[in-house]
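**Q** Take this structure first; my questions come after.
Readers should treat all values here as calculations from the given coordinates under stated rules, not as data from a laboratory. Note that this is a predicted model, so its numbers are computed, not measured. Every residue, glycine among them, receives a Cβ derived from its backbone with ideal geometry; neighbour counts consider all protein chains shown.
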Amino acid sequence: MKVKAAVMYELNQPLVMEELELDPPGKGEVMIKMAACAICHSDIHAMKGEHGDIKLPAIAGHEICGFVEEVGEGVIYVKKGDKVIASIIPEGCGQCYYCRMGLSSQCTTNKLALYKVGKFVNKKGQRLTQYAGAVAGFAEYATIPEVNLVKVPDDMPEDRACLLACGVISGFGAILYRAKVTANSSVAVVGCGGVGLNAIQGAKYIGAYPIIGVDVKDNKLANAKIFGATHTVNPKAEKDPIKAIFDITYGRGADYVIVAVAGIEILRMGFMMAARDGLVNIIGHGHGEKMTDWTPLDFMGGKRLTGSAMGAVKLRIDIARLIELYKAGRLKLDELVSGHYTFDKINEALVSSEKGDVIRNVIMF
Ligand SMILES: [Zn+2]
Ligand SMILES: [Zn+2]
């Protein structure tokens, strides 16, 4: 089928709108008619070549909500017309060691992977790379494995639902499912973009205190307050940002530090902000930097350094619960949406997102 898509031919250049041929759904695959796709900062990193080597031409977009258009052989979870989210993290297979352990985010059968040869072919016969692996949202239609889909209720607005595919679960999930933050403990979130804000609202939901937003941009710190930060620290304005965290946490450091922005120096700073026995959870994927400058002594205070992708969620269970929280008014999604753009205006939306003054711009199809 011919579909309109926004294609990456060169790094750091606007996407090119063109007609591509999309594969029909094969075994276990589903064709989705796109309704909304939010722009995540990872898409922008990919388009700048900051997220590993990407074989061009390529297509990005991975915060997807749409409707099932056609199902391939063997698909049982969805039928034509269902409203779905498509996420980069698949549902676990249910059969492997980790799924049986209840850790479906570590499934060894259905793995989260980036940069796959995808389902779109251009007029020159080139098959596009899909930045987000199984999913691609910068197109009117996409063919996606069934295991990457989550059904959502018909009354869930598409521009809100799509945010659950990446930014919300990455932040909220990091708090609930990976760091397993407990009530009354202190949390510092380094990086208050779309993902960091969701870590902050997760910390508030759990009952953490204090909750400290850390960012070099004051507008992002203002957003942090809206999402539940009780304190903020701007490392550019603060002579010693690590000391600032210790001052707020009664001299102990933060029990949990969530690092939601790339950069080894930032990670190091986040680590130094943690309390004895504290846990540091990395959720910013970084730009391929190597970890240096660490010594065994850094870990002698019992600090733990870990990470999570997509909040270590159990995809279909946890997103269903998040939708329930949203409907109950306990999860902020409306406040995450900064602007809506038509698909034709995608390059404008990307420029606006890159500036960092918005939380999420959503492309509406
Ligand atoms: Zn993302
Ligand atoms: Zn599995």
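**Q** For the chain, give the share of DSSP beta bridges that are antiparallel, in percent and rounded to the nearest 5; count only bridges with both residues there.
**A** Details: 36 of 63 bridges.
Taking every DSSP beta bridge with both residues in the chain, the antiparallel ones total about 55 percent.
**Q** With the cut-off at 26 Å, tell me which of the pairs Lys314/Lys355; Lys225/Lys345; Lys220/Lys332; Lys303/Lys332; Lys116/Lys355; Lys55/Lys124 have Cα atoms farther apart than that. Walk me through the numbers on the way to the answer.
**A** On the way: Lys314/Lys355 32 Å; Lys225/Lys345 31 Å; Lys220/Lys332 16 Å; Lys303/Lys332 31 Å; Lys116/Lys355 28 Å; Lys55/Lys124 16 Å.
Long pairs (Cα-Cα over 26 Å): Lys314/Lys355; Lys225/Lys345; Lys303/Lys332; Lys116/Lys355.
**Q** Additional query: With runs of 4+ DSSP H residues as the only contributors, calculate the mean residue ellipticity of the chain at 222 nm using -39,500 (n - 2.57) per run, divided by the residue total and rounded to the nearest 500. Let's see the in-between values first.
**A** Values: 10 runs with 85 residues, N = 365.
Using -39500 (n - 2.57) per qualifying helix, the result is -6500 deg cm²/dmol.
**Q** Please tell me the relative contact order of the range 183-231 in percent, rounded to the nearest whole number, where contacts are Cα pairs under 8 Å and at least six residues apart.
**A** Working: 85 pairs, mean separation 21.1, N = 49.
Relative CO of the range 183-231 lands at 43 percent.
**Q** Can I ask one more? If you count, for each residue, the other Cβ atoms within 10 Å and average over each peptide, how do 65-71, 286-292, 149-155 line up from highest to lowest?
**A** Numbers: 65-71: 21.1, 286-292: 11.3, 149-155: 16.9.
Ranked by mean Cβ neighbours within 10 Å, highest first: 65-71, 149-155, 286-292.
**Q** In whole Hz, what ³J(HN,Hα) sequence does the range 229-240 give by Karplus (6.51, -1.76, 1.60; θ = phi - 60°), x for Gly and Pro?
**A** Coupling constants for the range 229-240: 5, 8, 9, 9, 9, 9, x, 6, 8, 9, 5, 9 Hz.
**Q** Projected onto the charge dipole of the chain (+1 at Lys/Arg Cβ, -1 at Asp/Glu Cβ, origin at the Cα centre), which of Thr232, Asn281, Gly213 gives the Cα projection farthest towards the positive end?
**A** Going by the Cα projections, it comes out as Asn281.
**Q** If one computes the Cα centroid of the range 335-361 and of the range 172-186, what distance in Å separates the two points?
**A** 29 Å
**Q** What is the order of Leu164, Leu297, Leu325, fewest Cβ neighbours within 10 Å to most?
**A** Lowest count first: Leu297, Leu325, Leu164.
**Q** Kindly write out, for the range 71-84 in residue order, the coupling ³J(HN,Hα) from the Karplus curve 6.51 cos²θ - 1.76 cosθ + 1.60 (θ = phi - 60°), rounded to whole Hz, with x marking Gly and Pro.
**A** With coefficients 6.51, -1.76 and 1.60, one gets 10, x, 4, x, 6, 10, 6, 10, 9, 3, x, 5, 8, 9 Hz.
**Q** Can you give me the Cα centroid spacing of the range 63-100 and the range 223-261 in angstrom?
**A** So the separation of the two Cα centres works out to 38 Å.
**Q** Name the aspartates and glutamates eligible as straight-distance cross-link partners of Lys111: C-alpha to C-alpha under 18 Å, and not fewer than 8 places from it in the same chain.
**A** In chain and number order, the partners are Glu29, Glu63, Glu91, Glu146, Asp318.
**Q** Also, I was wondering about something else. In the chain, if the dipole is taken from +1 on Lys/Arg beta carbons and -1 on Asp/Glu beta carbons about the Cα centre, which of Leu163, Ile85, Gly302 is farthest to the positive end?
**A** Gly302
**Q** If you don't mind, there's one more thing I want to ask. Among Lys236, Lys303, Lys80, which comes first, second and so on when ranked by fewest other beta-carbon atoms within 10 Å?
**A** Working: Lys236 9, Lys303 18, Lys80 12.
Exposure proxy ranking, most exposed first: Lys236, Lys80, Lys303.
**Q** For the range 187-312, just say rounded, prolate or oblate: build the C-alpha gyration tensor, square-root its eigenvalues into a ≥ b ≥ c, call rounded for a/c under 1.5, and beyond that prolate if a/b exceeds b/c, oblate if not.
**A** Working: a/c = 1.37, a/b = 1.23, b/c = 1.12.
The shape class here is rounded.
**Q** In which sequence would Glu73, Glu146 go, from the one with the fewest C-beta neighbours within 10 Å to the one with the most?
**A** Numbers: Glu73 9, Glu146 21.
Taking fewest neighbouring Cβ atoms as first place, the list is Glu73, Glu146.
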